[in-house]
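Accompanying notes for the structure given below.
Quick note: the coordinates plus some simple rules give every number you see, no bench work behind them. Everything numeric in this text was worked out from a predicted model, so none of it was measured. Glycine also receives a Cβ, built like all others from the backbone with ideal geometry; neighbour counts cover every protein chain displayed.
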C-alpha cells in the first residue's frame, strides 16, 4: 500500500530471539533474585514464564513495589527474516510481565516516549477510580515526554492485563499490552510447578512493508503468540508430571480457540478471578474472547512433542493472500512462470493442494515470511502464526529447547 | 453507494435522545404505575431500565396481560448528528421491553406496518409449537396491514428476546428486536436493586447515507447499545452498594465481549435460564455470542465513572474507513490538503497515531458521525460505538446523569 | 473466478440425499449388527445418528477394533441442484462417524487417495505421542497411494474429532473431518435415547463454479450441517419425551451459535470430556467455537416442528452476494430488467425487503442454490445453509421424515 520511509527517528531496541534475551525469557529467577517479598522467595509461587518475553524487576520503595514502564516504539522480530515496527513497553511487545502478590501496594511509573499521548488501564483490577487509566474519563492523557504515577493496593489475585486507554484502537494494534500476574496471598493449592503467559494478537502488515495497519478490522494476516510467529515462537518445556498453568490474554479483534494435544485441561481462571472448583470446564481447546484472559491447568503426564496452536486454521499460517484463486484440479503448466515474469515473487496455489509450498523456498516480498514453514524430525510441519510445541519430557536436557522427542520403538504411526 | 430517495412515505416517529424520551427511558415507573400485578407493585421486582428505550405498558383483559406491538419503519437517532432509517416496533429500535411474571398468561397482538410480511418469534420460550412465530413453519407470515395474536402461558423465568422469523436477515439487520423479561414468581434472591437491558447490534451505513445495508456480512461500521452509539448512549447510573443486574442480548453477526471497569461480576443467566449457583463464572468481560442473552450480577461497591464497552476495539469506534492506509511514521506535509481538494472531507490518519483526530472537528460526509469522540472531565475520551459510562455514586443527584465523579484529592494518576 | 476443468480424473462416489443413503444414514443399526462388543449390543448405548451421513463399520482383528479410512476426493451434493468438489473420507464429507467404547483397543488404517500427502490427527485423544498424527512433528506425512496404521487404547470417553494435520488449512476447508464418539464404559446415566452428530463447516464456492476456495479467511458463502445446506439437511426426528443428545463439532473459521426452539437444554460435554453436573449451563443457543465439540442434552417434551439453525443470520442463508446494495425504499421500476440484460441472472434486492425473493424462482448461475428457500406447511420458510427442523412427535410415522406437525385446533398464531 505504501512504502514506509524513515519510520522512527529515535533509537529503538531490537528484541527478539537472541541468546541473551532467551536466557532472560526463561528467567523468572531474575525476578525472584531481586524480590524482597517472602511470598515469592519461599517457593509458594511458580516462576512465571513469558515465552519470548520476560518479567519486569521492581524495587521496594518505602514498602511499595515500584515498577517502571516506558511506552515507546519497538522493533520486534516476529520470526527470523521479519522485523516489524511496533509500539510497546520497555523495548518489548508485549510489554514485560508484572508480578506481585495479593495485598501488595504497587506503584507503576509510566513514561511516555511515544509520539502521541497515552495512558495505562489496569484491566480487571479493583482499584480507585482515579487510577483506572482511562484518558479523558479518569485522568488526563499522558503527553509525550512525561511520566505519570499509578499507585494502588492489590485487593485480589488472578491473571490481569495492562494496556492503553488512549487512542486505543491504534495503540493496541501496534502491540501495547502486557500481563500483570497477581499471585494469591496463600499460594496455589495444589502447588503449580510452571506457569506460562501468552498474549494473543493479530496484525496486518502489507507484504513487503514493516508497519502494522491498525485500521484493519477483519482481514489480518499475522497472528502472534507474544508478538512472535512460528517458527519464531519459544517451545513450552515442562517436566513429566509437573502441574502446569497456561494463561492466555487476548486484545485482538477475534476470539482465538487455543488447542493443545495429548492432554485434557481445566479452565481455572478468567480476568474476573479463579473459577470455583465445581464451575470448571474440561477442555482441549480454550476459546479466548477479546478483552479476556483464560487460565488453564493440567498435569503434564503424557511425554512427547505436542502441537500447541490456535484452531482457526488461517491463524496458524503466516502472511498470505487470502484472495488468491483456488487452483486445485487446474492444470497450471507454464502459468506460474508467466505470472512470475509479471509479478515478482508470485506463487500460485498448487493444483494438488498446498503441501508442496512447504518444501519450496521461493523469493517473496522483502521482510515477509513464508506462509507455511517449520520443520520437525519427520519433515515439514508447514505451519505459521499462532503455533508452537509443548515439550513434555521425562528428563529435561534444556528448558530452552530439549530437541525432538525420542519415540520408543513402534510408537509412531507407520506404513503398512 | 446509492443516494436514498423518498425512503418512507408514511409518517414515522423520530425517537432518540430528546428530553421527554429520556424521562420515559428511565421509567419503569411508568409500567409499575400501570401494572395491576401484585408481583410488580409489591417491590419484589426491580424496575427494568432499558437505556435509551423503555418498557411497554400492558392492559389486563380477562386475566390475560395484553401487549400490542406494531412492526414499522422507524427513524432512529444513533447520536446527535446522525439519523438512520430503521425498522422496529412501536416507533423504536430495539422494540420496547416487555415485562411479565412467570405463570402469567400473556397475549401479544402484532400489527404489521412494514412493506413486507413479518412474524414474531419468542426466542427461548417454552410455548406451544403454533405460537413459535416461524413464518412458513409454524404459522403463515403476517401480511402488511394485518394483526396476528400470540397467546401463551409463561412457564419459565429469565431474560428472553423477541424478533422476526420472516426475511430475518433483513429484518434483524434493520433493527427489529427487543427484550422480554420474565420475572421469577417468587422474586429475586437476593433482591436486585437495578436491572439494565442492553441490546447489541451491528450495522453498515455507507457514510453520507441513512439506510443500513443488511447484505453486509462481516464489514460493519456502526456498533450499537440499544441502537445508539457513544456519545449518544445513556449512562448507567447506580447508587453505591446497590445489587445490579445487566442483561445483554445479541442478534448481530459477531460475538461482543462486553467489559466494564472497577468491578468483578458473575454470569448468572442465559436465555436458557438462571445458572445454578455453583456453575457461575466470575468475569470482568462477558462474551455475548449471537442469538443469546447473558445476565451478569454484581454489587456496585466502587464509586466512580467506569468505562463500559465492547472490548473489540473497532466496535468502540464510530463509522470509519477500515481500509485507509496507516501513515504512522510517514511525513505527510501538504498531502492531506492536496487530497482534501480532491476528496471533500478527506482526513488522513495522523503520522503520530490517531489521538489528534479526537481534537479536530473536520467536516465529514453528511449524516456521518466522527470516528472518535466524546469528552470527559479530563479531556477527549475519543471513543464511539458500543461505549458508555457506569456511574456509581454515594449520593445520586440525578439518575439520568449525575455529572462527572468528584475524585477525592490525590486519587488520580498524575505527573511525577 | 475460474472455470474448473476436468477436476478429478478418478471415479468418485456421489453421495447425497438418495434413498439408499438416507436409509443408511439413520442406521446405527448397521453398526450395532456388526458389533461384537457386548457394550454396544446390550442396549447401553444410544444409536448415534449422523444426519445425511453414517457410522463406519469395523471388524475385530485379534481383539482390536479395526477401522479403515480412505482420504479421497468426494463429490458432495450440498442440496438438490448443487454438487461440490470436496475432499473427504470413504466417499463422504464429513467422513463417517467412528464409534467405540472407552477401554477399546482401536486400529485405524488410513489410505491416502488424495493428490498430496495427508495425516490424521485424533483431536482431543489421550494417546501416545507418535499416534497423534501431526505431519512432520510426530510422523511422516502419508504420501499419496500409501496406507498408515494408527493404533491406541481409548483412555477416555466423549465426543472427539478426526481431521488432517497436514496442509490442514486446505484439507479441512475441502471437507476432511469426522466424528469419533467414545461411549462411556458404564453407559450413559440417565440413559440417552437418541444422539445426533452434526459437523459445522463454512465454504466459499464462487457462484457458477464447483470447487471450494480454501484461501478465503472471512467471507464464506456456504454454511453446512454435515456438508449439506437447507433444504438438503435431514430433519432431526425424535419421539416425545425421549432424552436426546446433540453433538456439534466445528472446524471452520468462525464460532457457530446453534439454536433450537421449544426446549431448553444443558451443555453436558466438550471435546475435553463430560462436564461435572454442577458446572453445566442451561442454554437455548450453544456457541461452538472452532476446534471444539459441544454436546447438549434435553428431554424432548414439547411436540412440534422446531427450527434448528445457526443464529448468525447470514449462516442460515445460501450463496449470496454480500456486497449487493440495499435498495429498501428505492423505486427500482425497470432497473432490474435493464441490469438483467447486462448481467444474466441478476436479481436485485427488493425495495420492500427480501421476502419476495423467497417466492421467485429466477435463473441464477449454474450449480448455485437460491439464497432463501424451503417451504413449510404455512408457506415459504425462506432460509438456507445451517438450518433444519427438529421434529418432536407423539407417534413416529417415519424416522426419516414424519411430515409436518398437526397442530391441535387453535394452537397457531392467527389473524385477529
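Working ranking of peptides B:168-174, C:151-157, B:96-102 by packing, defined as the average number of other Cβ atoms within 10 Å per residue, highest first, is B:168-174, B:96-102, C:151-157. Here residue A:60 yields copy-to-copy label distances, from shortest upward, of 6.9, 6.9 nm, the label point defined as 7 Å from Cα along Cα to C-beta.
Projecting label points 7 angstrom from Cα along Cα→Cβ for residue C:375 and residue A:185 puts them 7.1 nm apart. Per residue of C:211-222, other chain Cβ atoms within 10 Å of the residue Cβ number 6 on average. Label separation (residue B:406 vs residue B:155): 5.5 nm, computed from points 7 Å beyond Cα along the C-beta direction. Inter-part distance, region B:379-415 to region A:367-403, computed on C-alpha centroids, equals 48 Å. Per-residue shielding of A:262-275, expressed as the average number of other chain Cβ atoms within 10 Å of the residue Cβ, stands at 5. Going from the residue with the fewest nearby Cβ atoms within 10 Å to the one with the most, B:166, C:351 rank C:351, B:166.
Across peptide A:143-152, the average count of Cβ atoms from other chains found within 10 Å of a residue's Cβ is 3. By DSSP, the beta bridges lying fully in region A:39-197 are antiparallel in about 65 percent of cases.
Each other copy places its own label point for residue B:404 at 6.3, 6.3 nm from this one, sorted shortest first, where the point lies 7 Å along the Cα-to-beta carbon line. Using the average count of surrounding beta-carbon atoms within 10 Å as a protection proxy, the listed peptides C:389-398, B:235-244, B:207-216 rank, highest first, as B:207-216, B:235-244, C:389-398. Normalising the average separation of contacting C-alpha pairs (under 8 angstrom, six or more residues apart) by the number of residues puts the relative contact order of region B:77-224 at 28 percent. For residue A:149, the label point sits 7 Å beyond Cα toward Cβ; its separations from the matching points on the remaining copies run 7.2, 7.2 nm, from shortest to longest. Which distance in Å, rounded to a whole number, links the C-alpha centroids of region B:47-79 and region C:204-247? Cα centres, region B:47-79 to region C:204-247: 37 Å. The residue in chain A that lies nearest, by its beta carbon, to the axis linking chain A with chain B is given here with the distance in whole angstrom as A:278, 2. Protection proxy ranking of A:404-412, A:365-373, by the mean of other Cβ atoms within 10 Å over each peptide's residues and highest first, is A:365-373, A:404-412.
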